[in-house]
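A.B. asks: If you scroll down you'll find the structure; I have some questions about it.
The values are calculated or read from the model by the stated rules, or taken from the named source; none is laboratory data. Remember, it's a predicted structure, so these values are computed and weren't measured experimentally. Here Cβ is always computed from backbone atoms with ideal geometry, including for glycine, and neighbour counts include all displayed protein chains. Areas reflect the complete protein model, heavy atoms only, side chains present, ligands, DNA and RNA absent. Shrake-Rupley method; radii C 1.70, N 1.55, O 1.52, S 1.80 Å.
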Amino acid sequence: MSDDGFTLVLGGARSGKSAVAERLLRHSAAGRAPTYIATAEAWDDEMRARIKDHQTARDGQGWHTLEAPLDLATTLGALPADTPVLIDCLTLWLTNHLLAESDLTDQSRALGAAIAARTAPIVAVANEVGLGIVPDNALARRFRDAAGRLNQDLAAQATRVVFVAAGLPIALKGTL
């Protein structure tokens with residue numbers, strides 16, 4: 001891993017975490033063309049609109065976009081190790097695996113190993129979902145718990161962890 005290392009950007013829905021992550025990667029990429037790995041799947045009109053908003057924000061900025069709703073570790077491993085990468089969003093990736101009834105522990109370990117193999121900066125976006133009320137059903141609690149474990153594991157691995165609220169980044173680990 002380079003000195004720029006691995007940055008995990010956490011925040012709530014619509015907190016501005018994607019925009020912060022894009023700025024952080026652009027700054028650390030030092031002119032190298034970054035790859036954007038998108039994990040969202042467009043199951044309805046609202047999600048299609050969200051995806052379109054993210055794509056429009058990146059238009060004309062030199063991003064190479066890959067879709068990896070499930071095969072994130074494989075996609076990372078297939079890229080040259082010196083390619084700067086932004087992953088948006090780990091929470092949607094986890095949701096996709098939960099719905100596919102994948103082994104979440106195995107998938108998370110494979111992702112951690114793929115991140116560790118990178119030599120260029122990597123910035124990953126995830127939702128912090130544990131700040132609200134306890135969900136009222138088992139699936140939602142399983143999701144919240146899995147997301148919390150994934151965020152903790154990746155935060156331990158990261159050289160920098162940033163929390164975003166109201167578009168404002170706060171360094172939890174490392175510096176901005």
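A.B. asks: Can you tell me how many residues within region 72-89 are in contact with a helix residue (DSSP H, G or I) (Cβ under 9 Å, 6 or more places away or on another chain) and surrounded by 14 or more Cβ atoms within 10 Å (Cβ to Cβ)? Steps first, answer last, please.
C.D. replies: As a first pass, look at region 72-89 and keep what is in contact with a helix residue (DSSP H, G or I) (Cβ under 9 Å, 6 or more places away or on another chain): 72-77, 84-89.
Next cut, surrounded by 14 or more Cβ atoms within 10 Å (Cβ to Cβ) only: 72-73, 75-77, 84-89.
Of the residues in region 72-89, 11 are in contact with a helix residue (DSSP H, G or I) (Cβ under 9 Å, 6 or more places away or on another chain) and surrounded by 14 or more Cβ atoms within 10 Å (Cβ to Cβ).
A.B. asks: Could you tell me whether region 45-57 includes any residue that is open to solvent by 10 Å² or more (accessible area, probe 1.4 Å), under 17 Å from the mean Cα position of the chain (by Cα) and β-branched (Val, Ile, Thr)?
C.D. replies: There is at least one residue in region 45-57 that is open to solvent by 10 Å² or more (accessible area, probe 1.4 Å), under 17 Å from the mean Cα position of the chain (by Cα) and β-branched (Val, Ile, Thr).
A.B. asks: Got a sec? Which of Leu150, Leu92 is on the phi < 0 side of the Ramachandran plot, in a helix (DSSP H, G or I), in contact with a Ser or Thr (Cβ under 6 Å, 6 or more places away or on another chain) and open to solvent by 50 Å² or more (accessible area, probe 1.4 Å)? Please lay out each step first, then the result.
C.D. replies: Details: Leu150 fails: open to solvent by 50 Å² or more (accessible area, probe 1.4 Å).
None of the others qualify; the one that does is Leu92.
A.B. asks: Next question, about the same structure. Quick one: which residue in Leu98, Leu131, Leu139 is closer than 14 Å to Leu70 by Cα and among the hydrophobic types (A, V, I, L, M, F, W, C)? It would help to see each step written out before you state the result.
C.D. replies: Values: Leu131 fails: closer than 14 Å to Leu70 by Cα; Leu139 fails: closer than 14 Å to Leu70 by Cα.
Of the residues listed, the single one that is closer than 14 Å to Leu70 by Cα and among the hydrophobic types (A, V, I, L, M, F, W, C) is Leu98.
A.B. asks: Hey, another quick one. Looking at region 157-176 only, could you name the residues that are aliphatic (A, V, I, L, M), assigned to a loop (DSSP other than H, G, I, E, B) and open to solvent by less than 70 Å² (accessible area, probe 1.4 Å)? First the steps, then the outcome.
C.D. replies: Of the residues in region 157-176, the ones aliphatic (A, V, I, L, M) are 158, 161-162, 164-166, 168, 170-172, 176.
From the residues that got through so far, the ones that are assigned to a loop (DSSP other than H, G, I, E, B) too are 158, 166, 176.
Matches in region 157-176: Ala158 only.
A.B. asks: Right, here's the next one. If I ask for residues that are within 15 Å of Pro84 (Cα to Cα), in contact (Cβ under 8 Å) with a residue 60 or more places away in the chain and in contact with a strand residue (DSSP E or B) (Cβ under 6 Å, 6 or more places away or on another chain), which ones from region 19-70 would you list?
C.D. replies: Result: Ala21, Leu24, Leu25.
Residue-by-condition table, conditions (1) among the small types (Gly, Ala, Ser); (2) more than 24 Å from Ala155 (Cα to Cα); (3) open to solvent by less than 60 Å² (accessible area, probe 1.4 Å):
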position: Gly5; (1), (2), (3): yes, no, yes
position: Ser15; (1), (2), (3): yes, no, yes
position: Gly62; (1), (2), (3): yes, yes, yes
position: Leu70; (1), (2), (3): no, no, no
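A.B. asks: Looking at Glu41, Glu67 in this structure, which one is among the charged types (D, E, K, R) and farther than 28 Å from Asp4 by Cα? Break it down into steps so the answer makes sense when it comes.
C.D. replies: Working: Glu67 fails: farther than 28 Å from Asp4 by Cα.
Testing whether each residue is among the charged types (D, E, K, R) and farther than 28 Å from Asp4 by Cα leaves just Glu41.
A.B. asks: Filter region 113-142 down to the residues that are open to solvent by less than 70 Å² (accessible area, probe 1.4 Å), under 17 Å from Gly12 (Cβ atoms) and modelled with pLDDT under 95 and list them by number.
C.D. replies: Within region 113-142, Val129, Gly130, Gly132, Pro135, Ala140 meet the criteria.
A.B. asks: If you go through region 97-112 one residue at a time, do you hit one that is open to solvent by 20 Å² or more (accessible area, probe 1.4 Å), among the β-branched types (Val, Ile, Thr) and part of a helix (DSSP H, G or I)? Before you say what the answer is, go through the steps one by one.
C.D. replies: Residues of region 97-112 that are open to solvent by 20 Å² or more (accessible area, probe 1.4 Å), as a first pass: 99-110.
Restricting the remaining residues to those that are among the β-branched types (Val, Ile, Thr) gives 105.
Next cut, part of a helix (DSSP H, G or I) only: 105.
Yes, region 97-112 has at least one match.
A.B. asks: OK, next. Scan region 31-44 for residues that are open to solvent by less than 60 Å² (accessible area, probe 1.4 Å) and farther than 11 Å from Asp88 by Cβ and report the count. Break it down into steps so the answer makes sense when it comes.
C.D. replies: Of all residues in region 31-44, those open to solvent by less than 60 Å² (accessible area, probe 1.4 Å) come to 34-40, 42.
Next, from what is left, pick out any that are farther than 11 Å from Asp88 by Cβ: 34-35, 42.
Residues that pass the stated criteria total 3.
A.B. asks: Still on this model: Out of region 113-126, which residues are of a type outside the set (Val, Ile, Thr) and part of a helix (DSSP H, G or I)? Let's see the steps before the verdict.
C.D. replies: First, pick out the residues of region 113-126 that are of a type outside the set (Val, Ile, Thr): 113-114, 116-118, 120-121, 124, 126.
Across region 113-126, the qualifying residues are Ala113, Ala114, Ala116.
A.B. asks: Tally up the residues in region 132-168 that are within 30 Å of Pro121 (Cβ to Cβ) and charged (D, E, K, R), please. Let's see the steps before the verdict.
C.D. replies: First pass over region 132-168, keeping only residues within 30 Å of Pro121 (Cβ to Cβ): 143-168.
Retained after the next criterion (residues that are charged (D, E, K, R)): 144-145, 149, 153, 160.
Going through region 132-168 one residue at a time, the tally reaches 5.
A.B. asks: Anything in region 127-147 that is closer than 15 Å to Ala21 by Cβ and outside any loop (DSSP other than H, G, I, E, B)? List them, or say none. So that I can check it myself, show each step before the final result.
C.D. replies: Pass one, region 127-147, residues closer than 15 Å to Ala21 by Cβ: 127-128.
Asn127 - this is the single residue of region 127-147 that is closer than 15 Å to Ala21 by Cβ and outside any loop (DSSP other than H, G, I, E, B).
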